[in-house]
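A short reminder: the numbers here are calculations on the coordinates, not readings from a lab. Keep in mind that this is a model prediction, so the values were computed, not measured. In this analysis, Cβ positions are derived from the backbone assuming ideal geometry, glycine residues included, and neighbour counts consider all displayed protein chains.
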Amino acid sequence: MNKSDIEIIIKYLNGDKNSFTEIVNRYLKVIYNFIYRFVGNEKIAEDITQETFLKAWKNLKKFDATKSFKTWVFSIAKNTAIDYLRKKKDIPISMFDNDNGENIIEDTLTDEELKADEVYIMAENKKQVENVLTKLTPIQKEVVILKYVSELSLSEVSEIMNIPRETVKSHHRRALIKMKKLLEEKHAPKLSK
């Protein structure tokens with residue numbers, strides 16, 4: 001029987017030092033994948049992943065056992081990746097984005113009952129999806145990566161990003177609209193002059 005995250009953490013806090021390795025092994029791959037998609041570089045993703053688990057280890061005594069360890073460690077990963085990108089100044093900021101990550105131009109787009117499957121089906125391969133992700137705002141990219149790469153619910157994404165679920169849903173919808181538009185442009189027949 002698999003132990004819960006909380007059981008493993010309690011075991012670690014009670015002196016079983018090998019238990020932390022068990023929790024790292026449980027989340028290493030998904031955290032690395034999330035960070036890699038976020039920063040787009042294998043070496044940097046490895047470094048940030050290592051730093052994420054180091055921070056988790058150092059702060060494990062502060063972890064609130066009534067909360068989800070999964071969302072807690074994803075929050076650490078997200079914040080560590082954002083800190084790295086801020087230091088490198090690689091985060092593009094649209095002049096239409098406000099402090100909440102809302103974009104008045106994109107907010108006026110119509111919602112066409114978009115389904116994520118439709119967007120991903122349009123992409124011919126993983127590289128094409130990654131290319132489209134680079135064209136999203138940082139907050140849209142984060143929502144898409146957490147939702148589809150890390151396979152988290154919108155509620156979990158909301159908790160990790162520390163923003164209301166409805167705001168996450170809005171960013172999710174706008175990201176899918178933008179991705180669909182970008183993929184449609186790529187597939188549109190080119191007219192010769």
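Quick one: grab the alpha carbon gyration tensor of region 20-84, order the square roots of its eigenvalues as a ≥ b ≥ c, and give me rounded if a/c is under 1.5, else prolate or oblate depending on whether a/b is larger than b/c. Prolate, since a/c reaches 1.5 and a/b exceeds b/c. Ranked by the mean number of other Cβ atoms within 10 Å per residue, highest first, peptides 42-55, 130-143 order as 130-143, 42-55. Shown in residue order for region 142-151 are the 3J(HN,Hα) couplings computed by the Karplus curve 6.51 cos²θ - 1.76 cosθ + 1.60 at θ = phi - 60°: 4, 4, 5, 5, 5, 6, 9, 7, 8, 6 Hz (x for Gly and Pro).
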